[in-house]
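Worksheet: one structure, shown below.
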Amino acid sequence: MHTILLSFQSIGVVYGRLSTAPLYVFGSIPQNDFKSDESAYEYFSFIFWTLTVLSLVKYTFIVLKADNDGEGGTFALYSLLCKHAKVGLLPNDKTSDDVTNNETGSPSRTKAESRARRAIAKHKSSHYLMLFLALFGSCMIICDAVLTPAISVLSAASGLRRSLTDIKYSSCRKTEDSVLKDLRKYVPVPTSCAILVCLFTLQQYGSHRIGSIFAPVVILWLLFITGVSIYNIFHYDPHIVFAISPKYMYKFFQSISWRSWRSLGSITLCVAGSEAMFADIGHFSTKSIKMTFVCLIYPVLILSYAGQAAFISHALSIKDSSFAIEDYNHFYRSVPDHIHYVFTILSLLASAIGSQATITACFSIVNQCLALGCFPRVKVVHTSDKIHGQVYIPDLNWMIMILSLGITIGFHDIVRIGNASGMAIISGMLVTTCLTSLVIALYWEKSLLLSACFLVFFGSIEAVYLSSNLLNFHKGAWYLAVLLALSLTTMVAWHYGTLKKYQFDIENKVSMEWLTDPTSGLRVSRVPGIGFVYTNVVTGIPAFFSHFITNVPAFHQVLIFVSFKSLPKPFVSPTKRYLIGRVGNRDNKIYRCIVRYGYHDHIRDSDDFEEQIIRSIGEFISLEEHDAESLISTEGKMIIVGKQLPEGDALIPLHDTGATSSPRASTQTNINTTEDTNPKRKRKKVRFMLPTNSPKMCPSVREELNELVDARESGTAYFLGQSHIAVRNGSNFIKRFLIMVYVFFDKNCREPHVALNIPHAALVEVGMVYTI
C-alpha cells in the first residue's frame, strides 16, 4: 500500500516533466525539416527508440539499481565510488575511514583488492576526473532546473496564444483586431511568468504535499492525451504504428544533412526527465518509480508521440495550408476543435507541474553536494519526517526562479530554449553513463568487458545526440554554457577553498603533547566549565586554538575537541555516529569527539546537540576500560558510542527550559568575541545527574562523571576559528581567481552550521590568517 501511495505521489513530482514533453518535442523541430510525410515517420522512429533504449532500458532497468542507500543522482554514483574504490578527494580522515570499514565488514576490504580498483588508485588524475564528472553532472541538473520551467510553461502558453487566434468577432473592427493582435503578442509571456512564480512559491510545502496536489492533474493530463492520441492515430494515419521499425532511422541517415542532423537535438527532449527520475528516488523509492514508469508513463508517451506523428504525416501528405510554419505547437493543432479550451487549461496546469521533477532533483543534488563540501552553505529544510530525502532549499529555489524568469522574458522562444535544454539533458545523461560504467566495474565487480559494453553502447547513442546539440550552440544553446560556467565555477571554487583550508589545518596543527606536557613552558591555567573546540582536524590541536593558547594560556576544566566528518553515504545511524576518545591521560580531562554524518543528515541543526555530545562523553567514560570494539588511533583508544548500556545511562539529563546560558567561560584577547544582542533571551539548557543506584560503576568512573557534571553546571564556551584567507605570493591567476570566488561566497553565504544555535555570549571566534 505504501508503494502504491508513493507511486501516486511520484506521478505529480517525478513524471510531470516526461508527461509534458509532447508539448514541445515536435514543436522544437524546425518546420523546414519536415520535407514529406516520411519525415514524421522518421522522427517518430527516433523518439520511440530513444525512449525505449535510454529511459526504459538504461535508467529503469540498470541505473536505478545503482542507488546509494536509496539516494540517486550523479553525486550518489560518485559517493559509491568514494566508498568502495577509495577515489575521494574530499576532506576525510584515516581514523574515520578505518572505523567505517570496520562497520561495513570484510566485503569492502575484499573489493579493495580487485585489479581495476588498484589501477584506479594508482592514478591520481583519474580521481580528479571522477570528481569533475560528478560536479559537471550536478551542474547540468541545476541548469536543467532553470531551463525546464521556462520551456514547459511557454509551450503551454503558445496554446493560449492559439486560442486567442481562434477568437472570432461577429462584427470585426480595426480596433478589435488591434487589441486581439496585442493580446496574442503580449499575453503568453506574462502568463508564463505568473505561473512560474506560483510554481516556485509552492516548493516550500515539500514533495509529498506537492505530489498529492499535482498527481490528480497529471493523471487527468495523461488520460486526456491518451484519448486524443488514439483518436489521431485512427483518424489520420493508422499506419504510423509501423514507424517503430528501425528502417526509418536508416532512411533518415541515408539522406542526412547538416540541417537534419541538427534537428536530432530536439529529439533529446523526449527523454527530458529521465535523469531527474534517477535523482528523485530519494524522495520516493526505486520500486515505486520503476513501477509507475513501466506500467503507465512509457505506454502513454509512446501513444502521444504516435498520435502527433500521425497528424503531422496526414497534414504533410495533403499539403494542408493550415500547417503554418510560424505555429510550432503541433500538439495543439492535433486536438479536435471542440476540446481546444479543455486542452489549453490542462496544458497550462500540467506544464507548470512538469517542471517539478527537475526542481526537486536540483534540491536533492545540491543537498548531497553541501554535505561533501562542494557547494556554498545554504539553508536546507527537511519537509518530511518519514522520508529523509525530501528537502527544500529556499535560497536556491528563489535563485532558480529569477533565472528562469529571465530566460522566459529574454528568449520567449521554444526552439532556442529547447536547444539549451536538450544539451543539458544529454550532457547529464552522458555523465551518468560514464559513472555507472565505473560502478559496474568497481562496485558491482562485473567484468571490465561488460562495463565497457555499457559505456560504448549507451555512450555512443548519447554522443550522437550531443553532437547534434552542439550544432545548435549559436541558436540558444550558448545560454547553457553561461549557466554552466557560473555553477561549475562556484562549485569548483568552493571545493578548492574548502580543501585548501583543510590542508592548511593539517599542516599547521600541533601535537597534544605541546598542550598537555607540563615541561612545555606554557604554564596553562584551567578555568571552570566545558570548552567545545570545533575543528576540521581529528588529531592534534588546530592552528587557531594553539594561537589562542599562546596569547591566553588558559582553557577549561573539561575540553572537548569536536570534529565533523562527512561520509559518502546518505545517513549514519545514531548508534554509530559518535566516536569518542581521550587525549592524554585521565587527569587532563581532554576528549575528542568525531561526529560522523551522511549527506542527508543534519545533526548540527539539532537543539540538543550539546546534550548528545556530553552524554556520549559520559558513555565513553563508562565503557573505556571494557569496550572490546574500540579503535586504537595515534592519540589512544576511541570508542563508538550510542548503544544502550546494560546498566543504564551513565548520565541522566534533566531539562531546564528556564535557564539561561552562562557566559562566564568567555575570554578575550586578540580574538573576536560576538556579543549577544539579547542577553536575557532564554535558551534550553540541559542539566545532568548521575544514576542513584549503579553498583557496577567503579569509584574512578563515578568521580570523573561527577567532574563532568560539575563542569557542565559551571558553564560552556564554544571556540570557532575565523579564517582570513590570503593567497601566497607568486600564485597563478587561476588559483587567485578560485580563492577570490571562495572568499566572496564564504563572507556572503550562510554561517557555518555549528554556529547557528550557539548563544552569542558563549561564542569565541579566534581569528587566523590562512596563507594558501
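The values are calculated or read from the model by the stated rules, or taken from the named source; none is laboratory data. Computed from a predicted model, the values in this text were never measured in an experiment. So basically every Cβ, Gly included, is an ideal-geometry build from the backbone, and we count neighbours across all protein chains shown. Side chains included, ligands, DNA and RNA excluded: accessible areas come from the protein's heavy atoms. Shrake-Rupley method; radii C 1.70, N 1.55, O 1.52, S 1.80 Å.
Do you know which of the residues in the stretch 478-505 that are surrounded by fewer than 17 Cβ atoms within 10 Å (Cβ to Cβ) and of a type in the set (S, T, N, Q) is nearest to the chain's Cα centre (by Cα)?
489
List every residue pair whose Cβ atoms sit under 6 Å apart, with the two residues 6 or more apart in sequence or on different chains, where the first one lies in the stretch 575-595 and is on the phi > 0 side of the Ramachandran plot and the second, anywhere, is assigned to a strand (DSSP E or B).
Going by the 6 Å Cβ cut-off, the qualifying pairs are 584/590; 589/558.
Within the stretch 217-233, identify whether any single residue is touching a residue at least 40 places away in the same chain (Cβ under 8 Å) and not in a helix (DSSP H, G or I), and answer yes or no.
Step one: filter the stretch 217-233 for residues touching a residue at least 40 places away in the same chain (Cβ under 8 Å), giving 217-222, 224-226, 228-233.
Adding the requirement that they be not in a helix (DSSP H, G or I) leaves none.
No, that holds for no residue.
Residues in the stretch 395-418 that are crowded, with 20+ Cβ neighbours inside 10 Å and out of contact with any helix residue (DSSP H, G or I) (no Cβ under 9 Å at 6 or more places or on another chain): how many?
0
Which members of the stretch 217-246 meet the condition of being open to solvent by 60 Å² or more (accessible area, probe 1.4 Å) and closer than 17 Å to residue 8 by Cβ?
Result: 220, 223.
Would you mind stating whether residue 475 is in contact (Cβ under 8 Å) with a residue 12 or more places away in the chain, of a type in the set (Lys, Arg) and either touching a Phe, Trp or Tyr at 6+ places or on another chain (Cβ under 8 Å) or open to solvent by less than 60 Å² (accessible area, probe 1.4 Å) (or both)?
Working: in contact (Cβ under 8 Å) with a residue 12 or more places away in the chain: yes; of a type in the set (Lys, Arg): yes; either touching a Phe, Trp or Tyr at 6+ places or on another chain (Cβ under 8 Å) or open to solvent by less than 60 Å² (accessible area, probe 1.4 Å) (or both): no.
It is false that residue 475 is in contact (Cβ under 8 Å) with a residue 12 or more places away in the chain, of a type in the set (Lys, Arg) and either touching a Phe, Trp or Tyr at 6+ places or on another chain (Cβ under 8 Å) or open to solvent by less than 60 Å² (accessible area, probe 1.4 Å) (or both).
Of the residues 498, 489, which single one is over 20 Å from residue 536 (Cα atoms), in contact with a Leu (Cβ under 9 Å, 6 or more places away or on another chain) and part of a helix (DSSP H, G or I)? Show your work before the answer.
Details: 498 fails: over 20 Å from residue 536 (Cα atoms).
Only one candidate passes the filter, namely 489.
Is it true that some residue in the stretch 124-137 is within 19 Å of residue 277 (Cα to Cα), modelled with pLDDT of 80 or more, touching a Gly at 6+ places or on another chain (Cβ under 6 Å) and in the same structural domain as residue 350 (by the TED database)?
The answer is yes, given that some residue of the stretch 124-137 is within 19 Å of residue 277 (Cα to Cα), modelled with pLDDT of 80 or more, touching a Gly at 6+ places or on another chain (Cβ under 6 Å) and in the same structural domain as residue 350 (by the TED database).
Can you say whether residue 211 is of a type outside the set (Asp, Glu) and in contact with a helix residue (DSSP H, G or I) (Cβ under 7 Å, 6 or more places away or on another chain), as far as the supplied structure shows? Can you show your working first?
Details: of a type outside the set (Asp, Glu): yes; in contact with a helix residue (DSSP H, G or I) (Cβ under 7 Å, 6 or more places away or on another chain): yes.
Answer is yes for this residue.
Determine whether residue 145 is open to solvent by less than 30 Å² (accessible area, probe 1.4 Å), of a type in the set (Gly, Ala, Ser), at pLDDT below 70 and in a helix (DSSP H, G or I). Spell out how you get there, then give the answer.
On the way: open to solvent by less than 30 Å² (accessible area, probe 1.4 Å): yes; of a type in the set (Gly, Ala, Ser): yes; at pLDDT below 70: no; in a helix (DSSP H, G or I): yes.
For residue 145, the condition - open to solvent by less than 30 Å² (accessible area, probe 1.4 Å), of a type in the set (Gly, Ala, Ser), at pLDDT below 70 and in a helix (DSSP H, G or I) - is not met.
Please determine whether any residue of the stretch 17-30 is open to solvent by less than 10 Å² (accessible area, probe 1.4 Å), modelled with pLDDT under 85, within 30 Å of residue 287 (Cβ to Cβ) and under 22 Å from the mean Cα position of the chain (by Cα).
yes
Return only the number of the condition from (1) under 30 Å from residue 745 (Cβ atoms); (2) of a type outside the set (Val, Ile, Thr); (3) free of Cβ contacts under 8 Å to residues at least 12 places away in the same chain; (4) open to solvent by 50 Å² or more (accessible area, probe 1.4 Å) that residue 509 does not satisfy.
(3)
Taking only pairs six or more apart or across chains, which ones have beta-carbon atoms under 6 Å, a first residue in the stretch 714-731 that is assigned to a loop (DSSP other than H, G, I, E, B), and a second residue that is of a type in the set (A, V, I, L, M, F, W, C)?
Going by the 6 Å Cβ cut-off, the qualifying pairs are 715/665; 727/739.
Counting just the residues of the stretch 419-458 that are modelled with pLDDT of 90 or more and surrounded by fewer than 17 Cβ atoms within 10 Å (Cβ to Cβ), which one comes out nearest to residue 252 (Cα to Cα)?
457
If I go through the stretch 235-265 residue by residue, how many of them are polar (S, T, N, Q) and either in a loop (DSSP other than H, G, I, E, B) or closer than 14 Å to residue 47 by Cα (or both)?
Here is the first cut: in the stretch 235-265, the residues polar (S, T, N, Q) are 245, 254-255, 257, 260, 263.
This time we only want the ones that are either in a loop (DSSP other than H, G, I, E, B) or closer than 14 Å to residue 47 by Cα (or both), so: 245, 255, 257, 263.
Counting residues in the stretch 235-265 that are polar (S, T, N, Q) and either in a loop (DSSP other than H, G, I, E, B) or closer than 14 Å to residue 47 by Cα (or both) gives 4.
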